[in-house]
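K.L.:
One structure follows; several queries about it will come next.
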Amino acid sequence: MGILEKISEIEKEIARTQKNKATEYHLGLLKAKLAKYRAQLIEGPKTSAAKGEGFDVMKSGDARVAMIGFPSVGKSTLLNKVTKTHSESASYEFTTLTCIPGVIEYNGSNIQLLDLPGIIEGAAAGKGRGRQVIAVARTADMILMMLDATKGEIQKQLLTKELESVGIRLNMKKPNIYFKPKKGGGLSITSTVPLTHINDKLIHLILHEYKIFNGELLFREDATMDDLIDVIVGNRIYMRCIYCFNKIDCVSMEEVDRLARLPNSVVSCCELDLNMDGLLETIWEYLALVRIFTKKRGAPPDFEDGIILRRGATIEHVVHAIH
């Protein structure tokens with residue numbers, strides 16, 4: 001049985017298992033196995049066989065935004081509108097077959113926007129060119145998820161599931177759990193807060209599944225078994241994501257208002273240039289970019305050419321940016 005078949009069997013087992021106190025240990029073990037097999041799927045086969053064609057795009061600019069979505073949702077149209085790059089767009093699916101980079105010039109910054117091919121359900125398992133698309137998405141600073149407003153939230157749920165299955169956590173904070181494997185001394189498990197979602201037995205069960213019998217584990221928050229598995233696996237990426245509902249000209253005003261009020265969401269119509277400025281402003285805010293202006297002693301500040309840095313930057317970062 002291959003990895004994909006094992007993953008499918010475990011997912012079916014989780015789906016048909018009732019969630020209660022009696023089954024929490026069984027579910028914890030299943031989730032640990034599932035995360036382990038998915039990690040193997042991301043790494044791929046460790047052979048010297050020729051690899052397939054990937055998307056080799058050099059990172060440039062002040063930040064990188066990966067634009068993902070199902071086919072024919074308006075990704076290429078958006079790239080054509082907000083950058084000087086031309087990406088072929090048409091009314092049929094799979095118009096874009098490779099990664100096309102563009103540059104958004106906004107507030108004096110250069111933001112690299114990647115127009116990735118449309119992915120399909122099952123992309124994380126290698127369907128279509130999903131694995132290459134998701135590999136590029138992992139290198140981005142933020143994800144812009146393009147969605148068809150006429151489809152409601154179903155596309156958002158499917159894409160989020162695909163990204164979560166390969167270790168990308170959208171709009172989530174990294175679990176505040178300290179974990180350090182050791183060569184001996186057994187397991188030391190402590191917490192600074194009461195744990196209501198997990199107990200010592202379940203923690204030991206999950207650790208043993210990964211063949212971890214010695215180490216130090218400190219919970220600084222009321223974590224779940226999924227949080228613990230993410231920390232043990234260690235290859236999770238936590239990044240901001242904007243859900244852009246495109247084609248709002250095809251839905252009612254009530255639906256537009258509902259979608260616009262969803263968390264981390266923006267509504268737009270790329271074809272008619274509706275809310276393009278609002279989308280760019282939201283991208284700037286989510287990337288946490290700031291403009292720093294310098295001045296010479298005795299001279300007024302130079303507001304012409306600012307230095308683009310991330311929010312929270314120090315004087316040291318400014319010095320490195322100048323020199």
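The values are calculated or read from the model by the stated rules, or taken from the named source; none is laboratory data. Nothing here was measured: the structure is a model prediction, and the numbers come from that model. With ideal geometry, Cβ positions are generated from the backbone for all residues, glycine too; neighbour counts draw on all protein chains shown. To get the accessible areas, we keep the full protein, side chains included, count just its heavy atoms, and leave off ligands, DNA and RNA. Shrake-Rupley method; radii C 1.70, N 1.55, O 1.52, S 1.80 Å.
K.L.:
Only Lys, Arg, Asp and Glu count, each charged at its Cβ (+1, +1, -1, -1), so figure out the dipole size of the chain about its Cα centre, rounded to 20 debye.
P.N.:
Working: 43 positive and 40 negative charges, 276 e Å.
Approximately 1320 debye in magnitude.
K.L.:
Filter the GluC sites (Glu not before Pro) in the range 204-237 to those in DSSP coil with at most 14 other Cβ atoms within 10 Å of their Cβ, and list the result.
P.N.:
The qualifying sites are 221.
K.L.:
Enumerate the lysines that residue 295 could reach by cross-link, defined here as Cα to Cα under 21 Å, with residues fewer than 8 away along the same chain left out.
P.N.:
Output for residue 295: empty list, no partners.
K.L.:
Ranking request for peptides 249-262, 290-303, 165-178: highest mean number of other beta-carbon atoms within 10 Å first, then the rest in descending order. Walk me through the numbers on the way to the answer.
P.N.:
Values: 249-262: 13.2, 290-303: 9.9, 165-178: 17.0.
Packing order, densest peptide first, comes out as 165-178, 249-262, 290-303.
K.L.:
With only alpha-carbon atoms counted, please give the Rg and Dmax of the chain, in Å.
P.N.:
Cα only, the chain: 22.6, 74 Å (Rg, Dmax).
K.L.:
Express in % the proportion of alpha carbon pairs of the range 189-323 at distances exceeding 25 Å.
P.N.:
Values: 5505 of 9045 pairs.
Counting pairs separated by more than 25 Å, the tail of P(r) holds 61 percent.
K.L.:
Rounded to the nearest 0.05, what FRET efficiency do residue 238 and residue 299 give with R0 = 30 Å and r taken as the Cβ-Cβ distance? Could you check?
P.N.:
E(calc), rounded to 0.05, equals 0.10.
K.L.:
Still on this structure, please answer the following. Using the C-alpha atoms of the range 174-265, what convex hull volume per residue, in cubic angstrom, is computed?
P.N.:
135
K.L.:
Moving on. Pull up the cross-link candidates among the aspartates and glutamates for residue 31, meaning alpha carbon to alpha carbon under 18 Å and not fewer than 8 places away within one chain.
P.N.:
In chain and number order, the partners are 5, 9, 11, 13, 162, 164, 200, 209, 226, 227, 230.
K.L.:
Roughly how tilted is helix 200-209, in degrees to the nearest 10 and between 0 and 90, from the longest Cα axis of the chain?
P.N.:
Relative to the chain, helix 200-209 is tipped by roughly 80 degrees.
K.L.:
Could you grab the relative contact order for the chain? Cα pairs under 8 Å, six or more apart, rounded to a whole percent. Each step should come with its number before you reach the end.
P.N.:
Details: 516 pairs, mean separation 51.9, N = 323.
That works out to 16 percent.
K.L.:
Ignoring any ligand, DNA or RNA, what whole percent of the accessible area of the range 133-291 comes from carbon and sulfur when the probe is 1.4 angstrom?
P.N.:
51
K.L.:
Residue by residue through the range 253-262, which ³J(HN,Hα) values in whole Hz follow from phi under the Karplus form 6.51 cos²θ - 1.76 cosθ + 1.60 (θ = phi - 60°), with glycine and proline marked x?
P.N.:
The phi angles translate into 5, 5, 5, 4, 5, 5, 5, 5, 8, 5 Hz.
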